[in-house]
Structure formats: C-alpha cells, structure tokens
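The values are calculated or read from the model by the stated rules, or taken from the named source; none is laboratory data. As the structure is a computational prediction, the values presented were derived from the model and not from experiment. Please note: Cβ atoms are built from the backbone with ideal geometry, for glycine as well, and neighbour counts cover all protein chains shown. Side chains are part of the model used for accessible areas, which takes the heavy atoms of the whole protein and leaves out ligands, DNA and RNA. Shrake-Rupley method; radii C 1.70, N 1.55, O 1.52, S 1.80 Å.
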Amino acid sequence: MTKAFQTLKGMRDVLPPESARRRALVDRFASAGTLAGYGEVVVPLVEELGVFERVGEATDVVTKEMYDFTDRDGTQIALRPEVTAGVVRAFVQHRPLVPWKVWYSGTNFRHERPQKGRYRMFDQVGVEVLGVDDPDVDAEVIALAVAFFAELGLRRVRLLINSLGDHGDRERYTEAVRAHLEARRAELSEAARDTLGRNPLRVLDSKRAEDAEAVRTAPVVADFLSDDAAGHYQRVLAGLDALGIEYEEAPRLVRGLDYYRRTTFEFVADALDAAQNAVGGGGRYDGLAEDLGGPPTDGIGFALGVDRLLLTCDAEGVFDAPQHTLDAFVVDLVGGDAARDLTHLLRANGFAADRRFGGGSMKAQMKAADRSAARVAIIVGEDEVAACEVTLRPLRDDGSSQRRVARSALVDELRAFLQ
Ligand code: HAM
C-alpha cells in the first residue's frame, strides 16, 4: 500500500476555521503596528548559519535546536529559530534611516521536544526598533504588546521585567552567578550542572526542585548594574507607570537568547500550564548589529508566540474564529450557466458568493446554501430564465420574504437587500 504521509513531529497543519483566527490575529497585530509607525519587514526563512550563531553560542536554541545543514552550494545555512537576527542582518545590509521601526509575522523552527504549546515549527509576530537608545522606546514597545493582549480580550497575561545591564555588567554578573553555582555544584541537578559549564545564567531558569535553593540565593543582577544601565531601567519603569502598565520586577529573568543587554522582559499567561506559559518576550540587544558586521546600533523588540497566544485565547474563552459568511449562494436548476455567470458577476461586484458544482436537485443545492450560512439564495429555474428574472430567497429568519427581481437589477437589489 502507498504510504500516507503525515506532518513531521512537532509540526502542524492549520486548517479552516482555525486558520482564519490565526490570520485575524496577525491582521490585528499589523494594524496595531501600523498605527504606531511600524512598517512590515519580510526577511528570509533561511540565513547563513553565522547569522544565528550570534544569537547565542551558549544557548540551547543555537547549540541543540537549530535546523542547520549544508546546501547544494556547500554553504552552511539554517532555518531561522527566531526573526530578530535576520532583521538585524537586514538592517546592517540595507542601512535604512534610523529610527527603523518594523513589525513582522512568520514561521520559525526549533528542534525542541514537542508538547502542548511547544512545537518544532511555530509562528511569531513581533516588532524591532533599531537606532534608538531612549528608554521611552522600551516603554513604547512593551505598551504595544500589552495593548495587543487587551485587544484580543486577554486579561491574565503578566509582564515580567528586568535589566541585564551593559556589556561589562552582564559579564561580571555571569561570573558571580557561575561562582555561586560552582560552590553549590554538588546539590544541583544533572541538567543544571551541564548548563552551568556553558551558560550559568540559564541555570537561573531551572524549575527543578534540586536547584531551587541555589537559584533562590543567587546574586541578583541589580547589584551589578552600571549607573547608566540603572538609570535607563528606572526611566523604563517610570514610563510603564505613567502609561498605567502593570509589571513585576523579576531580578532573575535571563531569557533564552544571548544577545540581550539592559531591558529584558517576558509575558506570561496564567491561563496556560506553567511549563509553557511564556507567550512572548523581548528586550534590548544593543550589541547585535555590531556583532553582525554593522555599526554600533541600539536595538529593542519583542516576539509573541502566535500558537501560544491562541491557546491562551482558548483558555480564557476569548477571540473566537471570525465568522466568514457568504452574502449569496446561487442555486441553478437549469444546467449550470446561471451558477457560473451569476457567481462571477456577484464576486466582481464585491459580494461574497458561492455555488454548488455539479448542480444537483433543488434540495441538495438548498442544503449546500444553508451550510454555507449565506444570507440569501439566488434561485434560477425554468420560470426565472423565461422571464429574465431570478428569485431572491432569504435564508435567515429576519422577516423578509422571497421575491423575484429582474436579472439585470440583481446587483442593486441584492445590495439593497443586504443593508
Ligand atoms: P523567544 O523568547 O525565544 O524570543 O520567543 C518568543 C516567543 O515565541 C516565546 O515567548 C513563545 O511564546 C514563542 N515560542 C518560542 N519557542 C516556541 C516553540 N518551540 N513553540 C511555540 N512557541 C514558541 C525570541 O524569539 C526573540 N527573537 C524575541 C525578541 C525580539 N527579542 C528582541 N526582539
């Protein structure tokens, strides 16, 4: 028997009507971005491997989860695990005027262990701002995400925020955490001991019971911030206060990518299981453009996980799939020409219209019309053809009754009927 193929592990098809919901979510995000002065950027799904290695040579995303391979030209390439690195690469390549404010939506790939809310192929929407050092832009991007959650109807998403300090601060902090954890190496979980060698800050993310005490007593980054970084952070918090945005300071929030400096934040959904409750995250990456061969340029942004956002909407019972219903369904009892021509005519005039292929009995066609949830059936039988007319039959119980109209007046009559 021929093999019936399935999607790869951790990858999913998105079918209607769920796809309409996803599209609606991205459209909302696009409108929010556009209103705030962000233009859409589209960057490739694949880049040279080196672009993503800058995301963090010590992170799981790069060392364990990347879909990388050698293409037919012998170039080392990878499917993108996130969008920020590609956007910064594009900035360095094209050198647009700053501030460069962009939004994006698209698919990413990480070879993770799949579970609910964690997939190998997932979508994000996000924004990036290049070339602005002003802490008020940090508050602006956070406010954009918070307003977006509210627009979806979500009420139980919390903002966690921290500052990782400047280049030197982060390194000094990392060393202090390393020393602290090394001193407690014996009590740490095996996974934490393994991570410690590569990336001590990531151990602070551990949710394992054995690591809890060492994490609880670890140094906090606030004690390592330069005056500059501390001042920046305070201004960001003041901005959030001024905008009425609630936040929780999370001194051990480190995030899973290495490029962060200064402001870092995460959005967690209380309606999701704790293991996968991060619906988004972001922060500053002021050194990344330079790491990718460009001029020193400040940068900040965030990405939201579309799949997890939709799961959160399910859990909170908000943001249903939009109802795409038809205006009219053409029922043709005379051989198909009317169905073909009238459906085309209606669509050309901006109506949402459909028909049943292969004709069939009145009963079969009316059943299809009902299923389509169209507001009106346009029926063409022998009588109608002889009189150059069509019958408009309302399909919803709104008190209006069936009537015959001249075929030449159909567009106007239908428009009037639908008002
Ligand atoms: P991230 O925290 O790695 O940050 O991902 C952002 C969001 O993408 C996560 O909070 C989560 O909702 C979603 N996500 C990540 N991995 C998966 C997965 N395997 N399955 C489902 N959803 C997932 C970034 O990607 C940064 N580029 C954010 C950023 C933009 N920082 C600055 N600018």
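Okay, here's what the table says:
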{"item": "Yes/no for Arg184 being in the same structural domain as Leu304 (by TED's automatic domain parsing) and open to solvent by 60 Å² or more (accessible area, probe 1.4 Å)", "result": "no"}
{"item": "Filtered residues of the range 185-196 (kept if closer than 23 Å to Arg172 by Cα and either touching a helix residue (DSSP H, G or I) at 6+ places or on another chain (Cβ under 9 Å) or among the hydrophobic types (A, V, I, L, M, F, W, C) (or both))", "result": "Arg185, Leu188, Ala192, Arg193, Thr195, Leu196"}
{"item": "Single match in Gly359, Gly335 (criterion: out of contact with any strand residue (DSSP E or B) (no Cβ under 9 Å at 6 or more places or on another chain), small (Gly, Ala, Ser) and assigned to a loop (DSSP other than H, G, I, E, B))", "result": "Gly335"}
{"item": "Lone qualifier among Glu128, Glu151, Glu140, Glu65 - being near the ligand (Cβ under 9 Å from one of its atoms) and modelled with pLDDT of 95 or more", "result": "Glu128"}
{"item": "Filter result for Leu181 (at pLDDT below 90 and farther than 17 Å from Gly283 by Cα)", "result": "no"}
{"item": "Conditions (1) open to solvent by 30 Å² or more (accessible area, probe 1.4 Å); (2) under 37 Å from the mean Cα position of the chain (by Cα); number of the one not met by Ala328", "result": "(1)"}
{"item": "Output for the range 78-108, where each listed residue is near the ligand (Cβ under 9 Å from one of its atoms) and closer than 17 Å to Glu65 by Cβ", "result": "Pro81, Glu82, Val83, Thr84, Ala85, Asn108"}
{"item": "The one condition in (1) over 30 Å from Ala192 (Cβ atoms); (2) open to solvent by 10 Å² or more (accessible area, probe 1.4 Å); (3) of a type in the set (Gly, Ala, Ser) that Ala179 fails to fulfil", "result": "(1)"}
{"item": "Test result for Ala275, assigned to a helix (DSSP H, G or I), open to solvent by 30 Å² or more (accessible area, probe 1.4 Å) and within 14 Å of the ligand (Cβ to nearest atom)", "result": "yes"}
{"item": "Flag for Leu25 being assigned by TED's automatic domain parsing to the domain that holds Phe265 and part of a loop (DSSP other than H, G, I, E, B)", "result": "no"}
{"item": "Flag for Gly131 being under 19 Å from Thr84 (Cβ atoms) and either surrounded by fewer than 19 Cβ atoms within 10 Å (Cβ to Cβ) or outside the structural domain of Glu249 (by TED's automatic domain parsing) (or both)", "result": "yes"}
{"item": "Subset of the range 299-321 that is open to solvent by less than 10 Å² (accessible area, probe 1.4 Å) and in a helix (DSSP H, G or I) - its residue that is farthest from the ligand (Cβ to nearest atom)", "result": "Cys313"}
{"item": "Hey, Leu342 more than 38 Å from the chain's Cα centre (by Cα), more than 16 Å from the ligand (Cβ to nearest atom) and part of a strand (DSSP E or B) or not", "result": "no"}
{"item": "Subset of the range 288-298 that is assigned to a loop (DSSP other than H, G, I, E, B) and touching a Gly at 6+ places or on another chain (Cβ under 9 Å) - its residue that is farthest from the ligand (Cβ to nearest atom)", "result": "Pro296"}
{"item": "Matching residues in the range 50-61 - criterion: being β-branched (Val, Ile, Thr) and either over 13 Å from Asn108 (Cα atoms) or outside any helix (DSSP H, G or I) (or both)", "result": "Val51, Val55, Thr59"}
{"item": "Residues of the range 62-120 satisfying the condition of being among the acidic types (Asp, Glu) and in contact with a Pro (Cβ under 9 Å, 6 or more places away or on another chain)", "result": "Glu65"}
{"item": "Test for Tyr67: is it assigned by TED's automatic domain parsing to the domain that holds Arg113, over 24 Å from Leu154 (Cβ atoms), aromatic (Phe, Trp, Tyr) and surrounded by 13 or more Cβ atoms within 10 Å (Cβ to Cβ)", "result": "yes"}
{"item": "Residue within the range 246-268 that is surrounded by fewer than 20 Cβ atoms within 10 Å (Cβ to Cβ), free of Cβ contacts under 8 Å to residues at least 12 places away in the same chain and outside any helix (DSSP H, G or I) present", "result": "no"}
{"item": "Hits in the range 362-392 (condition: assigned to a strand (DSSP E or B), more than 39 Å from the chain's Cα centre (by Cα) and touching a residue at least 40 places away in the same chain (Cβ under 8 Å))", "result": "Ile378, Ile379, Val380, Val390"}
